[in-house]
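For reference, the structure is listed below as structure tokens.
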Amino acid sequence: MGHNATLLSATLGQEGLLRKALLVVGGTLVIALAAQTSVPMIPVPMTLQTLAILAVGFTFGSRLGAATLLAYLAEGAMGLPVFANGMNGLAFAGPTAGFLIGFVAMAWAAGWAAERGLAKGFFGTAATAVVISALLYVPGLAWPMAVAGTFGMEAGWAGQGMGFYWTHFVSPFLIGDAVKAVLAALVVTGGWAALSARKAG
């Protein structure tokens, strides 16, 4: 299937190296701010972190989106409080480390879908965002269920049964994931609509 333009390439054309670097830094700032933004929801508050990651992926494309998330993880590893609840690199030894690593794949997948025209229009983008959000649970659950134990980590969240992870890692966040998928689709399709209106005007 042929490649399609992303919102970024349609807006700015081919970006130079300096512009790409600035976009990566700007993208990490947006994600870091979104990670600290909490919206009251039932059963748990919802941060806007994955919404920002999806928007970066859909907008930047696969390679620049993944590079942005690698830079974001590097910022946290250097001690900057960019992760949810002001956490930094210490989060890589915590129960959500698998999700942090999965964020890179999440941004790449959103960009890949945009480049191939799978995330077109509101419904296509929303459906793609839902699928990508669901796939984030693969590395997210693999870490506490199996991987952390191989590194000798002993904690109450490591090596538990699936029921434990469903209760604490999955079910409380499903509604928020669906909401953020819809919001990401609104942001991206709104960007395309604004671009079309500007070109027509």
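At-a-glance table
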item	result
Among residues of the stretch 99-149, those that are of a type in the set (G, A, S), buried (at least 19 other Cβ atoms within 10 Å of the Cβ) and at pLDDT 95 or above, counted	9
Any hit, the stretch 47-65, residues being outside any loop (DSSP other than H, G, I, E, B), touching a Leu at 6+ places or on another chain (Cβ under 8 Å) and over 18 Å from S133 (Cβ atoms)	yes
Close pairs from the stretch 128-156: first touching a residue at least 60 places away in the same chain (Cβ under 8 Å), partner hydroxyl-bearing (S, T, Y) and surrounded by 13 or more Cβ atoms within 10 Å (Cβ to Cβ), Cβ under 8 Å, at least 6 apart	S133/T50; L136/T50
Test: F164 is modelled with pLDDT of 90 or more and surrounded by fewer than 16 Cβ atoms within 10 Å (Cβ to Cβ)	yes
Sole residue being at pLDDT below 95, part of a loop (DSSP other than H, G, I, E, B) and more than 19 Å from F103 (Cα to Cα), chosen from A10, A5	A5
Residue within the stretch 14-37 that is modelled with pLDDT under 95, over 17 Å from the mean Cα position of the chain (by Cα) and closer than 22 Å to A142 by Cβ present	no
Residues (outside any helix (DSSP H, G or I) and surrounded by 17 or more Cβ atoms within 10 Å (Cβ to Cβ)) located in the stretch 20-46	M46
Filtered residues of the stretch 38-61 (kept if under 8 Å from the mean Cα position of the chain (by Cα) and within 20 Å of V170 (Cβ to Cβ))	Q49, T50, L51, I53, L54
Filtered residues of the stretch 167-201 (kept if hydrophobic (A, V, I, L, M, F, W, C), within 20 Å of T47 (Cβ to Cβ) and without any contact (Cβ under 8 Å) to a residue 60 or more places away in the chain)	V170, L174, A178, V182
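The values are calculated or read from the model by the stated rules, or taken from the named source; none is laboratory data. Quick caveat, the model's predicted, so the values are computed rather than measured. Positions of Cβ are generated from backbone atoms using ideal geometry, with glycine treated the same way; all protein chains shown enter the neighbour counts.
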